[in-house]
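Trainee: Got a structure for you, written out below as structure tokens; questions coming shortly.
The values are calculated or read from the model by the stated rules, or taken from the named source; none is laboratory data. All values reported here derive from a predicted model rather than from experimental measurement. Cβ placement follows ideal geometry from the backbone for every residue including glycine, while neighbour counts extend to all protein chains displayed. In case anyone asks, the SASA skips ligands and DNA or RNA and just uses the protein heavy atoms, side chains included. Shrake-Rupley method; radii C 1.70, N 1.55, O 1.52, S 1.80 Å.
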Amino acid sequence: MDMKKVNSMDFREFVDVFGNVIERCPLIAAAVWSRRPFSDLEDLEQHFSAFMDALPLEGQEGILRCYPDLAGGELQRGTLTAESQREHSAAGLTSLGVEERLRLAELNARYRARFGFPFVLAARLSHREAVARELARRLHRPPAQELRTALGEVKKIGRLRLADLLGADSARM
């Protein structure tokens, strides 16, 4: 899909196509639509990022709460979004053994209890062994630092999802 097509989309089509760039947050796509025309992928991405950056703390935490626990209950129940399912698969999180799954569940629970939102990581850029290590490492960060890191991961995920939608080479992003 090219930028001419993106810029010509009506509101509903834009939200239908881009509504899950930020997990389960079609409101962001709805707000970004009004910023047309976009010059290129980077410009479109910048509008998604700027919207999130402008939110108060509670709004930023709300975005993070829309993400699933990595290898968590939604994966087990089969209720992940299509995008999250692909990202879990790419990182090898759909084929964890029982011990690995239990370890991640325990770390996810500790993380969520400490920070009030799930651990967010651009899983496509990682692999199953690294996910638990990164979760354990970030569990000990100060809350403000972890919020910034988690939002940075949301932006990475969004960038990859936009690249997918626009047929761009995500390896160069």
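Trainee: Six or more apart or on different chains, Cβ atoms under 7 Å: show the pairs whose first residue is in the range 66-84 and closer than 15 Å to residue 132 by Cβ and whose second is β-branched (Val, Ile, Thr) and surrounded by 20 or more Cβ atoms within 10 Å (Cβ to Cβ).
Mentor: Note: pairs meeting the criteria are 70/131.
Trainee: Which pairs do you get when a residue that is within 14 Å of residue 43 (Cβ to Cβ), found in the range 153-168, comes within reach of a residue that is at pLDDT below 95 and open to solvent by 40 Å² or more (accessible area, probe 1.4 Å), reach meaning Cβ atoms under 6 angstrom, with the pair 6+ apart or on two chains?
Mentor: 159/173; 163/173; 166/1
Trainee: A further question on this structure: Which residue, of 32, 6, 17, is in contact with a Lys or Arg (Cβ under 9 Å, 6 or more places away or on another chain), over 18 Å from residue 120 (Cβ atoms) and in a helix (DSSP H, G or I)? So that I can check it myself, show each step before the final result.
Mentor: On the way: 32 fails: in contact with a Lys or Arg (Cβ under 9 Å, 6 or more places away or on another chain); 17 fails: in contact with a Lys or Arg (Cβ under 9 Å, 6 or more places away or on another chain).
Only one candidate qualifies: 6.
Trainee: Residue check: is residue 49 polar (S, T, N, Q), within 21 Å of residue 109 (Cβ to Cβ), touching a residue at least 24 places away in the same chain (Cβ under 8 Å) and part of a helix (DSSP H, G or I)? First the steps, then the outcome.
Mentor: Numbers: polar (S, T, N, Q): yes; within 21 Å of residue 109 (Cβ to Cβ): no; touching a residue at least 24 places away in the same chain (Cβ under 8 Å): yes; part of a helix (DSSP H, G or I): yes.
Taking the combined requirement at face value, the residue does not satisfy it.
Trainee: Please work out which residue is nearest to residue 7 (Cα to Cα), limiting yourself to the range 47-63 and to residues that are crowded, with 17+ Cβ neighbours inside 10 Å and of a type in the set (A, V, I, L, M).
Mentor: Filtering first and then ranking leaves 52.
Trainee: Sticking with this one: Search the range 110-143 for residues being among the hydrophobic types (A, V, I, L, M, F, W, C) and open to solvent by 60 Å² or more (accessible area, probe 1.4 Å), and hand back the single one that is farthest from the chain's Cα centre (by Cα). Let's see the steps before the verdict.
Mentor: First, pick out the residues of the range 110-143 that are among the hydrophobic types (A, V, I, L, M, F, W, C): 113, 115, 117, 119-123, 125, 130-132, 135-136, 139.
Narrowing further to those that are open to solvent by 60 Å² or more (accessible area, probe 1.4 Å): 113, 125.
Details: 113: 20, 125: 12 Å.
This residue is 113.
Trainee: Which condition number does residue 99 fail, the rest of (1) part of a loop (DSSP other than H, G, I, E, B); (2) acidic (Asp, Glu); (3) over 24 Å from residue 26 (Cα atoms) being met?
Mentor: Failed condition: (1).
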